Amino acid sequence: IDAKSGDVITIVYKKDSSGDKNDDCVYIRSFAAGAPTIITLHANNGTDETATQNIYCGKGVLNANAFTCEGKLFAGWATSADGEIVYADKATIETEEAMALYAVWADAVTVTFNYNYGTTKDKTVAIAKGAQIGATNIPDAVKRTGYTFVGWFNDDGTQLAAETIINEDITYTGKWAPITYTIAFDADGGEGSMDSISATYDQEVTIPLAEGRFTRTGYTFSGWSTYKGYMTPTVQDGGKVKNLTNVQDKVITLYVTWKGNPVNITVDYNYEGAENITRVGMVGSHYNYVRQDDGKYKQDSLVDPVRTGWIFLGWYDAPEGGNEVTPSNKKFTVEEAENGFTMYAHWEKGITVHFDGNGYTHTINDKTVVPGKVYTNLPYLAERYMPTDKRLESWYIELDGEGDARFGAAVTKDTDFSTMGDEVTLIAKWRGYQYIIKYNIKYSDKSSVTGTMADQPAPFGENVKLNSCAYSRPGYDFAGWATSSYGSTIAYADGATIKRDWEEDDWGD
């Protein structure tokens with residue numbers, strides 16, 4: 001290690017069981033110190049007179065020049081006032097003896113850097129005539145997709161280096177080299193091979209014709225794709241490609257795209273009176289990727305069938321039982337291209353429920369459900385579509401007739417729909433806003449009073465007779481109803497009439 005006065009030496013060590021008596025320290029051996037060698041720097045007609053610099057052990061790096069000279073640029077250091085440049089700025093110097101160096105001043109010359117790429121503007125730097133350009137004055141190359149930067153060259157083809165002496169105004173132009181890469185070919189499930197080819201960025205390359213070199217049972221060669229498993233080619237056989245990558249030496253694989261042979265599909269709705277339909281799929285694909293009238297294949301989803309009074313369960317490969325057929329679990333085979341494929345609808349007996357909103361201003365869609373789930377599948381009704389100032393009382397079985405004769409039994413969770421055939425119509429019955437009368441036992445009487453009473457709905461603005469008291473208390477006669485659980489003042493007698501008018505801050509129920 002060479003160090004001069006003022007330098008800091010940091011030594012990292014790990015304590016172990018060796019050393020001198022396990023001392024927690026480091027001993028520096030074979031250490032020698034010497035007097036500095038003094039370098040005197042002369043401004044040589046520049047600002048300031050002189051400066052000094054110490055170097056140790058016969059070697060050092062010259063400090064960056066701090067002198068200036070009006071109208072001139074610093075070119076380097078000479079060993080005499082009118083000598084030639086011996087040392088560049090911040091050069092390494094080796095000497096065992098004190099020495100004097102003199103600043104060399106020169107006229108400025110301009111170095112122009114032409115990036116030779118897009119809209120990137122030229123860059124210029126001023127250099128002292130006769131001086132080395134130095135690494136710090138050479139700009140870094142900009143990034144250019146698909147290219148590597150070779151270097152800066154003049155008109156004679158000479159490459160610029162940090163040590164290059166600049167004697168005149170000059171332009172250096174950036175030189176770029178396009179990256180090269182390899183295109184490989186993959187049969188992607190088929191058989192056959194083809195030699196890789198080389199490609200250069202920004203240059204079109206022609207893909208060799210496959211010429212029958214790739215085969216696959218049940219499929220026809222259709223082209224190439226950069227993605228494995230694709231059916232639609234992005235590169236035609238014998239087509240041209242360019243710029244498949246911008247990474248040097250990368251291998252890009254083109255995969256064969258295979259077009260499956262046609263498969264005749266019969267869609268059997270699997271009930272008497274239904275007309276089957278046909279479509280044409282392809283080997284390796286599913287029943288929703290089918291041939292169109294123009295001969296091209298595309299996604300064309302099969303719509304789930306509707307059958308009054310029945311619930312569609314899905315498509316199967318047999319009229320009864322069998323395996324469910326979905327786009328994700330069924331791909332057509334070579335054998336099915338020869339024999340065709342029939343898919344069958346499976347059904348479960350249900351009931352189709354029609355809804356008569358009876359003044360509801362929005363469409364309510366039919367539902368086909370199993371009979372035991374009609375009640376749990378009753379539709380949600382939005383308030384904004386309800387008749388003005390009305391709420392749903394209940395759904396009723398709709399009957400033939402007029403007015404109230406249209407309303408059969410109210411629908412409850414216990415309504416049996418299994419005997420109503422394939423379809424039924426429910427009709428909404430509306431009521432005005434109402435409030436709920438609750439019959440409670442006073443807190444102080446709960447331990448001695450028995451019995452229960454249901455809540456009583458009451459329309460706003462109408463006289464409503466209170467239900468008879470159904471509670472009992474040994475040794476007491478019922479006296480009436482209070483409006484507070486702690487009160488004793490009777491507000492209503494047994495069977496009294498109550499009337500409450502609607503107010504804007506009341507809830508609908």
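From the list 67, 113, 74, exactly one residue is modelled with pLDDT of 90 or more and touching a Lys or Arg at 6+ places or on another chain (Cβ under 7 Å). Which is it?
Working: 67 fails: touching a Lys or Arg at 6+ places or on another chain (Cβ under 7 Å); 74 fails: touching a Lys or Arg at 6+ places or on another chain (Cβ under 7 Å).
The conditions single out 113.
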Of all residues making up segment 398-431, the number that are part of a strand (DSSP E or B) and among the acidic types (Asp, Glu): 2
When residue 472 is run through (1) at pLDDT below 95; (2) surrounded by fewer than 13 Cβ atoms within 10 Å (Cβ to Cβ), the failure sits at (1)
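Here are 417, 407: which of them is modelled with pLDDT of 95 or more, assigned by TED's automatic domain parsing to the domain that holds residue 363 and within 51 Å of the chain's Cα centre (by Cα)? Reasoning before the result, please.
On the way: 407 fails: within 51 Å of the chain's Cα centre (by Cα).
When all the criteria are applied, what remains is 417.
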Residue list for segment 64-114, filter: hydroxyl-bearing (Ser, Thr, Tyr) and in a loop (DSSP other than H, G, I, E, B): 68, 79, 80, 95
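Taking residue 252, is it within 18 Å of residue 297 (Cβ to Cβ) and assigned to a strand (DSSP E or B)?
Values: within 18 Å of residue 297 (Cβ to Cβ): no; assigned to a strand (DSSP E or B): yes.
Answer is no for this residue.
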Filtering segment 44-62 down to residues that are surrounded by 13 or more Cβ atoms within 10 Å (Cβ to Cβ) and either closer than 18 Å to residue 108 by Cα or under 60 Å from the mean Cα position of the chain (by Cα) (or both) yields 44, 45, 46, 59, 60, 62
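Looking at segment 284-368, what strands (runs of 3 or more DSSP E) fall wholly within it and have at least 1 residues that are exposed (fewer than 13 other Cβ atoms within 10 Å of the Cβ) and of a type outside the set (D, E, K, R)? Don't jump to the end; show me each part of the working.
Values: elements: 289-291, 297-299, 310-316, 341-349, 351-356.
Those strands (runs of 3 or more DSSP E) span 297-299, 310-316.
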Looking across segment 475-501 at residues that are modelled with pLDDT of 90 or more and aromatic (Phe, Trp, Tyr), the single one that is nearest to the chain's Cα centre (by Cα) is 481
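Quick one: which of 147, 172 is without any contact (Cβ under 8 Å) to a residue 60 or more places away in the chain, surrounded by 13 or more Cβ atoms within 10 Å (Cβ to Cβ), hydroxyl-bearing (Ser, Thr, Tyr) and touching a Phe, Trp or Tyr at 6+ places or on another chain (Cβ under 8 Å)? Talk me through it step by step, then tell me what you get.
Details: 172 fails: without any contact (Cβ under 8 Å) to a residue 60 or more places away in the chain.
Just one listed residue meets the conditions, 147.
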Say whether the condition of being at pLDDT below 95, surrounded by fewer than 16 Cβ atoms within 10 Å (Cβ to Cβ) and polar (S, T, N, Q) is met by at least one residue in segment 225-233. yes
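A quick yes/no check of all residues on (1) assigned by TED's automatic domain parsing to the domain that holds residue 311; (2) at pLDDT 95 or above:
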position	(1), (2)
330	yes, yes
337	yes, yes
359	no, yes
375	no, yes
379	no, yes
387	no, yes
391	no, no
394	no, yes
Is it the case, given these coordinates, that residue 260 is in contact (Cβ under 8 Å) with a residue 12 or more places away in the chain and out of contact with any helix residue (DSSP H, G or I) (no Cβ under 8 Å at 6 or more places or on another chain)? no
Any residue at all in segment 217-225 that is of a type outside the set (Val, Ile, Thr) and part of a loop (DSSP other than H, G, I, E, B)? yes
Pull out all pairs, ordered by first then second residue, where Cβ-Cβ is under 6 Å, the residues are six or more apart or on different chains, the first lies in segment 211-226 and is outside the structural domain of residue 194 (by TED's automatic domain parsing), and the second is surrounded by fewer than 19 Cβ atoms within 10 Å (Cβ to Cβ). none
Which residue pairs have Cβ atoms closer than 9 Å, lie 6 or more positions apart in sequence or on different chains, and pair a first residue in segment 369-392 that is in contact (Cβ under 8 Å) with a residue 40 or more places away in the chain with a second residue that is in a helix (DSSP H, G or I)? 369/376; 369/377; 391/383
Return the pair list, or none, for Cβ contacts closer than 7 Å from residues in segment 324-337 that are under 12 Å from residue 219 (Cβ atoms) to residues that are exposed (fewer than 15 other Cβ atoms within 10 Å of the Cβ) and of a type in the set (A, V, I, L, M), at least 6 apart or on different chains. none
Would you check which residues across segment 369-397 are closer than 21 Å to residue 432 by Cβ, outside any loop (DSSP other than H, G, I, E, B) and among the charged types (D, E, K, R) and list them? 383, 384, 390, 391, 393
If you take the residues of segment 432-453 that are part of a loop (DSSP other than H, G, I, E, B) and under 56 Å from the mean Cα position of the chain (by Cα), which of them is modelled with the highest pLDDT? 438
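Restricting to segment 117-133, name every residue that is surrounded by fewer than 16 Cβ atoms within 10 Å (Cβ to Cβ) and part of a loop (DSSP other than H, G, I, E, B).
Going residue by residue through segment 117-133, those that are surrounded by fewer than 16 Cβ atoms within 10 Å (Cβ to Cβ) are 117-124, 126.
The answer is 117, 118, 119, 120, 121, 122.
The values are calculated or read from the model by the stated rules, or taken from the named source; none is laboratory data. Remember, predicted model here, so these are calculated numbers, not experimental data. Reconstructed Cβ throughout: ideal geometry from the backbone, glycine too, with neighbour counts over all protein chains shown.
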